[in-house]
Ligand code: HEM
Ligand code: HEM
């Protein structure tokens, strides 16, 4: 009969204490989930309400830190305090996990295969608050690919995360942290370009934490990202002056030629005549003046990076 | 045609970007020249026995007059600030310290004001007191091959004319002042691009481009000064170690009886008593 206490308790506004009281049961439910809970739930469907704030039902199970998928060891625990601290604290779980409905909360969804990345990760499009971002994202390389089902392309959640999203406009500390996180946000997929973002005042400074140095999206845009050879791209030749102009006063086409250095410092160093021919030069020097090839080989000069 | 619009043969405008890469190579070479000069001087001084005569035989140049304290103090503050400028400036260009840019800039600006103030004071002092010592005369120019020869270990002594020889006069009286002015101008250009570099914008192709060029010039001038200072330090160490100690206030200068120009014609003085 204990099970019938759950719904009333769950409807209380402070679900945290609810789960504390239920911890015994939840532990049990977790331990024997695969055999016990489905049986109970099916035998006596409880009237969970996925009401406002909407986490209550799902968190009965997902609020337990020990909720772990047995085989894959994937942690399915969702921290309630993190959710309540996020900008989406009033968004019900099912608004993002659109393939889960309220009924799911009353039942086990064991064996339900969901691709949270794809489904929840793109669920953002359903809310009019995000229409503005969606409009540009739809036309971007990322958006087109992700909407078309490409696994490698970033959904909204790949860049923003899922349950811990905070306001970028209002929360200055979060925005600053997000800005410094390009290694995670873009670098996890664009390792090469993250590594080559290595010029003097931008890349290197950014990687050592300079707040005034541009993050990837200061040049590429966040949602409107397109390859450089498309005219609408922010880093297309024709738009570069304007893009750089957000930080550099009176930036014109000629100035934008520095853009070649932003991802190109290492390549340019490698292509530089003097460096390219330094080995030849050394061999020649060794042959001519020292009379030996060994001398040249051992006398490797310092690379041109003071 | 603005500087920045010059295209390479493929029609790409990557000049500014390429020049920054070249700037690094040139800077490295300049440091190498500075270090090479040290090696050259040390080897040469040992080989010709000058080192032994100077550091063991204590045969150092004689000095006509006691150096007053003010130039010494100014030089000391100046050197300290310059070193701070190099360290912070280079760390701004090649950042390694986590989030160092802001504090480094702050130090750079404090040191740069110190350098400018000292520079102006030293100029004023020079015009009031000792500008003669830096003036390059016809005799100096005639004398210069021999001075050069002495430093290259090709010749022995050279006739002593004044407190400083031609090379010193050129370095102290021309190179250092000119380059410090360039550094100050480009430095302020980087701080307030619109105000300082606005008039160059049409030539460079915009204020941003002017700032970018100013940066290249600022960087190269800093490295050029570094090279020259390395040479300056090397010579002041090897040629006149006691004067170096004295110049930094580490020892007291011994009063030395005035000799030379009042008692014998300058061209006949053996400037370096240890002439090899
Ligand atoms: C005298 C007045 C000077 C001013 C107003 C000045 C100002 C500046 C400014 C604004 C920057 C750019 C820093 C930034 O905002 O990121 C800079 C960079 C730099 N400064 Fe100075 N500076 C001066 C003198 C010097 C001197 C005397 C030296 C060295 C001898 C020096 C060495 C450097 C170096 C190496 C850089 C980095 C250059 C680069 O990033 O390419 N500066 N300076
Ligand atoms: C950073 C750049 C430097 C500049 C621009 C500079 C400039 C000068 C100038 C203009 C003089 C002429 C005397 C005077 O001004 O009163 C001088 C003398 C001298 N400097 Fe420097 N200096 C620099 C760094 C150094 C350093 C780092 C050292 C030693 C470690 C040094 C050691 C000396 C000595 C010993 C003299 C006296 C030379 C003599 O009287 O024959 N200087 N320097």
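The values are calculated or read from the model by the stated rules, or taken from the named source; none is laboratory data. Since the model is a prediction, treat every value here as computed from it, not as a measurement. Cβ placement follows ideal geometry from the backbone for every residue including glycine, while neighbour counts extend to all protein chains displayed.
Summary of values
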quantity	calculated
Scan of the range A:275-284 for residues that are within 14 Å of another protein chain (Cβ to nearest Cβ) and exposed (fewer than 15 other Cβ atoms within 10 Å of the Cβ), ordered by number	A:276, A:277, A:281
Test: residue B:109 is within 16 Å of ligand 1 (Cβ to nearest atom), closer than 25 Å to residue A:199 by Cα and either modelled with pLDDT of 95 or more or under 16 Å from the mean Cα position of the chain (by Cα) (or both)	yes
Complete set of residues in the range B:14-32 that are more than 7 Å from chain A (Cβ to nearest Cβ) and within 20 Å of the chain's Cα centre (by Cα)	B:23, B:26, B:29, B:30, B:32
Index of the failed condition, residue A:240 passing every other in (1) farther than 24 Å from residue B:21 by Cα; (2) modelled with pLDDT under 95; (3) under 34 Å from the mean Cα position of the chain (by Cα)	(1)
Among the residues listed as B:54, B:58, the single one being away from every other protein chain (no Cβ under 14 Å), more than 16 Å from ligand 2 (Cβ to nearest atom) and more than 20 Å from the chain's Cα centre (by Cα)	B:58
Matching residues in the range A:188-205 - criterion: being in contact with a helix residue (DSSP H, G or I) (Cβ under 9 Å, 6 or more places away or on another chain) and either closer than 16 Å to residue A:235 by Cβ or more than 9 Å from chain B (Cβ to nearest Cβ) (or both)	A:188, A:189, A:190, A:193, A:194, A:195, A:196, A:197, A:198, A:199, A:202, A:203
Selection from the range B:77-106 of residues that are more than 9 Å from ligand 1 (Cβ to nearest atom), surrounded by fewer than 16 Cβ atoms within 10 Å (Cβ to Cβ) and over 21 Å from the mean Cα position of the chain (by Cα)	B:96, B:97, B:98, B:99, B:102, B:103, B:106
